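Asker: Please find one structure pasted underneath; my questions will follow.
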Amino acid sequence: MKGKMAALMLCLASICSFGQEVKIISDVFPQYQGVVIINGKSSSELYNSLKLWVAENYNSANDVIQLDDKENGILIIKGYIPVAIKIMTGMYTFDVRTNFKFETKDGKFRYTADVTNILDPNAPTAGDMMNSIQKKPDGKYQMGAKDSITNAINEIIQSLAKKLTNETTTEDW
């Protein structure tokens, strides 16, 4: 637990050095939520940047966007993220199905990430790892899987916050 907390503090310290602040509200599998402060950006600018990020990071933005409400600054996407999880003696990449909800306001956005399924793309009949986690939540492999997923989602939010902070205008290109 101390190691996980130290890693989280180190990540947060590196985020703050880029001029944004991430306030984690919930960091407990299977739901994650937080607020990212991005000073100097309007709700509309943040919304457009988030939508661009979705287009750049998913094969088809049209397939993953479930709600596109620019007027209220809400973007909901359903997709998967590949996450390497250690099982026994090897590392395996699982498709972690995740619903992301982004809500924008001037100078900040809130994210909510809900993990819904964890599937092995190489063994589609193996079943959903979520069942294993729910049956034995404190098991060694289940805890490792939860930690890997938590780290992957935190890394996504950190890279997104960094991208939005470092964006430059393309007016003079």
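Asker: Would you tally the residues in region 48-65 being within 19 Å of Asp114 (Cα to Cα) and either small (Gly, Ala, Ser) or under 16 Å from the mean Cα position of the chain (by Cα) (or both)?
Answerer: At the first step, the residues of region 48-65 found to be within 19 Å of Asp114 (Cα to Cα) are 50-51, 53-54, 57-58, 61, 63-65.
Imposing the further condition that a residue be either small (Gly, Ala, Ser) or under 16 Å from the mean Cα position of the chain (by Cα) (or both) reduces the set to 50-51, 53-54, 57-58, 61, 64-65.
Of the residues in that region, 9 qualify.
Asker: Go through (1) in a strand (DSSP E or B); (2) of a type outside the set (Gly, Ala, Ser); (3) under 15 Å from Ser26 (Cα atoms); (4) open to solvent by less than 20 Å² (accessible area, probe 1.4 Å) one by one and return the number of the condition Ile153 breaks.
Answerer: Among (1) in a strand (DSSP E or B); (2) of a type outside the set (Gly, Ala, Ser); (3) under 15 Å from Ser26 (Cα atoms); (4) open to solvent by less than 20 Å² (accessible area, probe 1.4 Å), the lone unmet condition for Ile153 is (1).
Asker: May I pose another question? Residues that are buried (at least 16 other Cβ atoms within 10 Å of the Cβ) and in contact with a strand residue (DSSP E or B) (Cβ under 7 Å, 6 or more places away or on another chain): which strands (runs of 3 or more DSSP E) entirely in region 55-147 hold 3 or more of them?
Answerer: 74-87, 90-105, 108-119
Asker: Do the conditions hold for Asp114, that is, is it among the acidic types (Asp, Glu) and over 12 Å from the mean Cα position of the chain (by Cα)? Show your work before the answer.
Answerer: Working: among the acidic types (Asp, Glu): yes; over 12 Å from the mean Cα position of the chain (by Cα): no.
Answer is no for this residue.
Asker: Checking the structure you have, find out if any residue of region 33-49 is under 28 Å from Pro137 (Cα atoms) and buried (at least 16 other Cβ atoms within 10 Å of the Cβ).
Answerer: yes
The values are calculated or read from the model by the stated rules, or taken from the named source; none is laboratory data. Since we're looking at a predicted model, the values are computed, not measured. Positions of Cβ are backbone-derived with ideal geometry, glycine not excepted, and every protein chain shown enters the neighbour counts. Quick note on the areas: whole protein, heavy atoms, side chains included, nothing else; ligands and nucleic acids left out. Shrake-Rupley method; radii C 1.70, N 1.55, O 1.52, S 1.80 Å.
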